[in-house]
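A short write-up of the structure that comes next.
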Amino acid sequence: MAEDLHFINASKEEQYISLLPQIEALITGETDFTANLANVSAALKAQFNFFWVGFYLVKGNELVLGPFQGPVACTRIAKGRGVCGQAWQQKQVLLVPDVDAFPGHIACSALTKSEVVIPLLGSNGEVKAVLDVDSDCLNDFNEIDVKFLSKLCTLLSVN
C-alpha cells in the first residue's frame, strides 16, 4: 500500500522511468506489431490516465486508426492534415499546448485541449505509424513527455 502511495505521488518523469522497462519487457520477443501497439496504448492509459492515447498506421496516403484507449476517434486522416497528419508529413514530433490554436487541427473530440504526436519510423526511415496522445487540459504535455514517448516509439520501431 505504501508503495502505491509513492507511485501516485511520483513525478511524471519517475513514472515514465518506471514504466519504460515494463513496456520493453512486454514487447520484447513479440513480433505482432498490432499486439504491441495495443499493449502500449493500454499501459500508457493505465499509468497516466491520458484522455486519449493510441496509434494511427500509415496505409497508402492516409493514417488509419489503430489500437487506442479512450473515446471514439477519427478513423482516417490524410497526410498533412491535422496534428497527426503533419507529424507524419514532417517526420517530426509535434507538441501542441492548445489544439484550438493549431492551424488545421482536426477535432475528433471537442474535449481535446492539448496533444503530442510522435512518429514511429520503419527500418527504411519512413514513418509507419504515429503515437497520438491527447489531454482534456491545456498545456498538459512538455519535454518530459516528448523525451520518454520518443524513447518508447524507438522501442516499438525496433521490435
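The values are calculated or read from the model by the stated rules, or taken from the named source; none is laboratory data. This structure is a prediction, so every number in the text was calculated from the model and none was measured. Glycine also receives a Cβ, built like all others from the backbone with ideal geometry; neighbour counts cover every protein chain displayed. Accessible surface is based on the protein model in full, side chains and every heavy atom, while ligands, DNA and RNA are left aside. Shrake-Rupley method; radii C 1.70, N 1.55, O 1.52, S 1.80 Å.
Can you give the translational diffusion coefficient of the chain in µm²/s, computed by Stokes-Einstein from the Kirkwood radius over Cα pairs at 37 °C and 0.692 mPa s?
Once the numbers are plugged in, D ends up at 208 µm²/s.
How would you classify the range 106-159 from its alpha-carbon gyration tensor, with a ≥ b ≥ c the square roots of the eigenvalues: rounded for a/c under 1.5, else prolate if a/b is greater than b/c, otherwise oblate?
oblate
Build a GNM of the chain with springs between Cα atoms under 10 Å: which of 98, 32, 134 gets the top mean-square fluctuation?
Result for the chain, Cα springs under 10 Å: 32 fluctuates most.
Would you mind telling me the share, in percent, of accessible area of the chain contributed by carbon and sulfur at probe 1.4 angstrom? All intermediate terms of the calculation are to be shown ahead of the outcome.
Details: 4260 of 8070 Å².
Summing carbon and sulfur atoms, their accessible area is 53 percent of the total for the chain.
In the structure displayed, which of 91/151; 128/151; 12/151; 59/128; 91/147; 45/113 lie more than 20 Å apart, Cα to Cα? Don't skip to the end; give the middle numbers.
On the way: 91/151 15 Å; 128/151 16 Å; 12/151 15 Å; 59/128 8 Å; 91/147 16 Å; 45/113 17 Å.
Where the Cα-Cα span goes over 20 Å, no listed pair is concerned, since all stay within it.
Sticking with the crude label model, points 7 Å out along Cα→Cβ, report the distance from residue 61 to residue 91 in nm, one decimal please.
Taking the two extended label points, one gets 2.0 nm.
Under 5 Å between amide hydrogens, which residues at least 5 positions from residue 113 or on another chain qualify, with H placed 1.01 Å from N in the peptide plane?
Placed amide hydrogens put 135, 136, 137 under 5 Å from residue 113.
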